[in-house]
Structures are given as structure tokens and as C-alpha cells.
1. Please name whichever of Ala196, Cys165, Gly101 sits farthest to the positive end of the charge dipole of the stretch 74-201, dipole taken about the Cα centre and charges placed at Cβ: Lys and Arg +1, Asp and Glu -1.
2. Compute the Cα gyration tensor for the stretch 238-294, then decide on rounded, prolate or oblate, letting a ≥ b ≥ c be the square roots of its eigenvalues: rounded whenever a/c is under 1.5, prolate when a/b is larger than b/c in the other cases, and oblate in all that remain.
3. Using Cβ contacts closer than 10 Å as the measure, can you line up Tyr108, Tyr123, Tyr83 from fewest to most?
4. In what sequence, highest mean first, do 62-74, 139-151 appear when ranked by Cβ atoms within 10 angstrom?
5. In nm, to one decimal, how far is the Ser140 label point from the Val248 one, both placed 7 Å along Cα→Cβ?
6. Return the percentage of antiparallel bridges among DSSP beta bridges fully within the chain, rounded to the nearest 5 %.
7. Suppose R0 equals 25 Å. What FRET efficiency, 1/(1 + (r/R0)^6) with r the Cβ-Cβ distance, do Gln192 and Ala110 give to the nearest 0.05?
8. About the Cα centre of the chain, what is the dipole size in debye to 20, counting +1 per Lys and Arg Cβ and -1 per Asp and Glu Cβ, all else neutral?
Amino acid sequence: MRIRALAAVFLVALIAQAPAANATRSKSPAILLAAGDIGDCSLDGAALTARLIERQPGTVAAIGDTAYPNGTISDFERCYAPYWGRFRSRTRPALGNHEYGTGNADAYFAYFGKRAAAPGGYYSYKLGTWHIVVLNSNCSFVGCGPGSPQLRWLRADLAAHRTRCTLAYWHHPRFSEGPDTAARPDEALATQPFWAALAKAGAEIVLTGHDHLYERFAPLDAAGRQDPKRGLREFVVGTGGRPHYPVVTHVAGNQKVVTGRWGVLRLQLSAKGYRWQFLSTPNSTTLDSGVGSCH
């Protein structure tokens, strides 16, 4: 009888521990793999960055300019599908300016299907414990400023998802030391309403592309001033496969720049914070890494 009693106690203990074990597994960090400016058939960059991704589990963020030169169906079939297209089932894309080289980005919406969120191209999703927001920074096509449907949607989406940790991505950087942003500051300023809304909501991270280099900024407030406690940290990851860009200017708050290398940003998103690694081709060498906390 005593043996039976001890066995019963042991069984009860195992049952009691099972939910805790399941809870631990459910809290494993989510992985986001991100880069923009990807599919160029004249270079092997997309093939090399695809090799980095195929070694990693996780959701793929293709941050615009996915298929060059004009985002046609042919461009997608020849320059994107053989490489990053292998991960289409786990990809959450954003629109770049080259997608609008054909009509109203029709080929992009056809290629990515429902996940591309036609016709505006902005949407949100959950990744682990994080709220992820995808925006369309082609503001002359969809509108980004006060009164625009996209900005109204963003504010409503942030109000409806008051999670501790929030990340957003779109194509054109709000801040960058690269030549595209320096030549067209109006494009950067057009995304300021996004930045201000996210800063007000207490978001943590913004990912962009467009300039073909890697940059990491200090956390910045709505006005672009350093704010280590409440600021947004921007990563520019225009390193998916296009020709490399140099640094052409200096922007306050820039903490790290990598030029002349293709690569992918790997983000490990946990319940209270995040870890980042910039993995470069061809051998996944880490050229930048660190940790951050959610507000």
C-alpha cells in the first residue's frame, strides 16, 4: 500500500509539472530574419544571402525592392524565386520602390498573395510575444501623412495591440548615412508620421532597407534625439543582394555601419527584449551583435 501511495504522489507531481514545462517551451524566443534590396540577376548576392537564411529557422522579413529591376513577374521568377522564393511560405514582405516599376505593384501582390495585403500593402501580425507592423513607405502611392488611411490604420492597430514589445518595418529609412536617403531627404521625412506614432506607442525596433548597407542606430525619440529608455532603435538592412553603397554623410545617433558586405539581420525576440546579429555572407560571420530591452 505504501508503494502504491508513493507512486500516486509521484504521478501527481509529474502532472503538476507538465503545464510548467509546456509553458517554458511556449516562451521560446521567436526568430526574425530580415533584409531588403534582394533579387538582382546580375549579381550572386541574393543566392548568398539565401544560403544564410536556409540555415536558420524563423520568419523572413523581405523589406522591399525584392525583385529588380522593375518588380515584374519575370523579375520575380528569375531573380527572386530561385533564391529567397524558397522561403515564401515563411516570408512577410514589405513594398519597396522598385515594386512600383510595374503598374501599381501588381506583380508583387500576385507573387506574395494574401500576405502582401493588397491594395495598400500594410498589415500586422504576431510573432511570439511581439506585435509586428509592416508599412508601405511609398508615400506618393498610398499616403503616409496626417489624414491618410495608412496612418489612421497604424494608430488604430497600435491602440488595439498594447503588447509590451513592438517592431515595425518598411522600406525607406527615417535615418541613414547612405546615398539614397541623402539624395532624397523628402522620402525620409515622409515616414516621420510612422516614426512619431510608433515612438508614442512605445515601440522598440524599426527595420528599413533602400540604402544598400547595414546601419544600427541608438534608440531615438520622436524627434530623432537619443533616448535610451523609451526610444526606437532603427536598423537599416539594405544588404539582401544589390550592389553595395558607401557612407556619404553623418547622422547623429548612428552606432554602427557595415559597408561592402551582403548579409541578413537575425533578431531573437523574447518576452522582455531582443538580441540582434548581423550575419554576413558567405559564412554567417557576425559583424554586429547586441541586446536590447522592451519598454
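Nothing in this text is a laboratory measurement; each read-out follows from the coordinates by a stated rule. Not measured: the values here are computed from a predicted model. Counting neighbours? That spans all protein chains shown, and the Cβs are built from the backbone with ideal geometry, glycine included.
1. Cys165
2. Values: a/c = 2.66, a/b = 1.34, b/c = 1.98.
It is oblate, given that a/c is not under 1.5 and a/b is not larger than b/c.
3. Numbers: Tyr108 30, Tyr123 19, Tyr83 23.
Ascending Cβ contact count within 10 Å gives the list Tyr123, Tyr83, Tyr108.
4. Numbers: 62-74: 23.8, 139-151: 16.0.
Going by the mean number of other Cβ atoms within 10 Å, highest first, we get 62-74, 139-151.
5. If labels sit at Ser140 and Val248, their model points lie 1.7 nm apart.
6. Details: 34 of 54 bridges.
DSSP beta bridges in the chain are roughly 65 percent antiparallel.
7. Numbers: r = 31 Å, r/R0 = 1.25.
Approximately 0.20, to the nearest 0.05.
8. Working: 32 positive and 21 negative charges, 367 e Å.
Taking the Cα centre of the chain as origin, the dipole is about 1760 debye.
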